[in-house]
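The values are calculated or read from the model by the stated rules, or taken from the named source; none is laboratory data. What you are looking at is a predicted structure, and each value in this text was computed from that prediction instead of being measured. Positions of Cβ are backbone-derived with ideal geometry, glycine not excepted, and every protein chain shown enters the neighbour counts. The accessibility values were calculated without ligands, DNA or RNA, using every heavy atom of the protein model including side chains. Shrake-Rupley method; radii C 1.70, N 1.55, O 1.52, S 1.80 Å.
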Amino acid sequence: FNMLDRSKIGTEFESFTTQVEKSRLKFFAKAIGETNPIYFDEAAAQAAGHKSLLAPPTYPFILGMDGPDFLPAVTIFGLNIGGVLHGNQAFEYFAPIYAGDEITVSGKIANVYDAKNGSLDFVDQEYSYTNQDGTLVAKATNTLIYRNR
């Protein structure tokens, strides 16, 4: 098996900035079955003390899809996309994300390890989400699993 290059640990992804759009927030909230109106009714969000529509939990994952490279680890390691699985995902929240915010997404390869005698490689990735005011609003970690053939 060709195990992934451990020297890539620490490699940073190209950072980018993306807009939090109301229509996408509403669509995402409905798609995940959210019923709280603060996620799709601006008047309800403001009545609840928010400046605009609030991004639902897990929304930072969607922001990551706006980058120049959909799955940077696939490019960095030269992986066959057919062998990539999404292993896990965790979020930490520090401040609200609102419609109209501009979020800068940065990330890196945090760790690489293998299992099953090298037939599976795991790539831990860490992402940070910072708003237009320089406030860290969220962090995410996720693991890609790669089946070596």
So, first residue assigned to a loop (DSSP other than H, G, I, E, B) in region 65-80, second residue of a type in the set (Gly, Ala, Ser) and open to solvent by less than 30 Å² (accessible area, probe 1.4 Å), Cβ within less than 8 Å, six or more apart or across chains; the pairs are Leu79/Ala73
Considering residues of region 16-35 that are open to solvent by less than 60 Å² (accessible area, probe 1.4 Å) and not charged (D, E, K, R) only, the residue farthest from Glu102 (Cα to Cα):
Gly33
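Yes/no matrix, rows are residues, columns are (1) at pLDDT 95 or above; (2) open to solvent by 60 Å² or more (accessible area, probe 1.4 Å):
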residue: Leu63; (1), (2): no, no
residue: Phe70; (1), (2): no, yes
residue: Tyr93; (1), (2): yes, yes
residue: Ile97; (1), (2): yes, no
residue: Glu102; (1), (2): yes, yes
residue: Val105; (1), (2): yes, no
residue: Asn117; (1), (2): no, yes
residue: Lys139; (1), (2): yes, yes
What tally of residues in region 3-54 results from selecting those that are under 20 Å from the mean Cα position of the chain (by Cα) and either of a type outside the set (Val, Ile, Thr) or assigned to a helix (DSSP H, G or I) (or both)?
24
Sole exception among (1) at pLDDT below 95; (2) of a type outside the set (Asp, Glu); (3) open to solvent by less than 20 Å² (accessible area, probe 1.4 Å); (4) within 12 Å of the chain's Cα centre (by Cα) for Pro57, by number
(3)
What's the total number of residues in region 93-104 that are under 23 Å from Phe40 (Cβ atoms) and of a type in the set (Val, Ile, Thr)?
2
Is it fair to say Ala110 is out of contact with any Gly (no Cβ under 9 Å at 6 or more places or on another chain) and either part of a strand (DSSP E or B) or touching a residue at least 40 places away in the same chain (Cβ under 8 Å) (or both)?
no
Which residue, of Gln89, Gln132, is within 22 Å of Glu14 (Cβ to Cβ), touching a residue at least 40 places away in the same chain (Cβ under 8 Å), loosely packed, with under 14 Cβ neighbours inside 10 Å and out of contact with any Lys or Arg (no Cβ under 8 Å at 6 or more places or on another chain)?
Gln89
